[in-house]
Amino acid sequence: QVQLVESGGGSVQAGGSLRLSCAASGSFFSINNMAWYRQAPEKQRELVASITNGGRTTYADSVKSRFTISRDNAENTGYLQMNSLKPEDTAVYYCTALIRYSPSNTYHNYWGLGTQVTVSS
């Protein structure tokens, strides 16, 4: 059973930094894309950043130049470095990854349970 476990959330003041981690555990063959989403109260879940297994990244306009997504393929772990945090970054942050069990399998999308990030002004 594959699991994605996020960590690193917390409460910070505006201008502060946090680093989120997403560790994939279980028995699987490979991870393709990884991404971070967030969902603020009464708002739709939105894509924050994504990274391919080759390291190509994309970012939401609202976090460009402040957030950096990265991954350690050897450790099956993804990261989201968040700098210059703003109150509007407050949300539950979710990790997602495309994972397959063998070279002949298709990829399946997995989600973590989320980690809360709260930024106070």
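The values are calculated or read from the model by the stated rules, or taken from the named source; none is laboratory data. Keep in mind that what you see is a predicted model, and the values were worked out from it rather than measured. Please note: Cβ atoms are built from the backbone with ideal geometry, for glycine as well, and neighbour counts cover all protein chains shown. Remember, those area values only see protein heavy atoms, side chains included, never the ligands or the DNA or RNA. Shrake-Rupley method; radii C 1.70, N 1.55, O 1.52, S 1.80 Å.
Just a few scattered comments:
- Wholly enclosed strands (runs of 3 or more DSSP E) of the stretch 51-121 bearing at least 3 residues surrounded by 12 or more Cβ atoms within 10 Å (Cβ to Cβ) and on the phi > 0 side of the Ramachandran plot: none
- Check on residue 109, more than 16 Å from residue 31 (Cα to Cα), modelled with pLDDT of 95 or more and of a type outside the set (Val, Ile, Thr): no
- The condition of being touching a strand residue (DSSP E or B) at 6+ places or on another chain (Cβ under 8 Å) and within 15 Å of residue 84 (Cα to Cα) holds for residue 14.
- Look at the stretch 1-24: where a residue is at positive phi and a partner is in a strand (DSSP E or B) and of a type in the set (Gly, Ala, Ser), sitting 6+ places away or on another chain with Cβ atoms under 8 Å, you get 8/21.
- If the condition is being surrounded by 13 or more Cβ atoms within 10 Å (Cβ to Cβ) and within 17 Å of residue 9 (Cα to Cα), then the stretch 25-44 contributes 35, 36, 37, 38, 39, 40.
- Against the criterion of being open to solvent by 30 Å² or more (accessible area, probe 1.4 Å) and assigned to a loop (DSSP other than H, G, I, E, B), residue 16 does not qualify.
- Output for the stretch 38-66, where each listed residue is without any contact (Cβ under 8 Å) to a residue 24 or more places away in the chain and within 17 Å of residue 112 (Cβ to Cβ): 46, 47, 50
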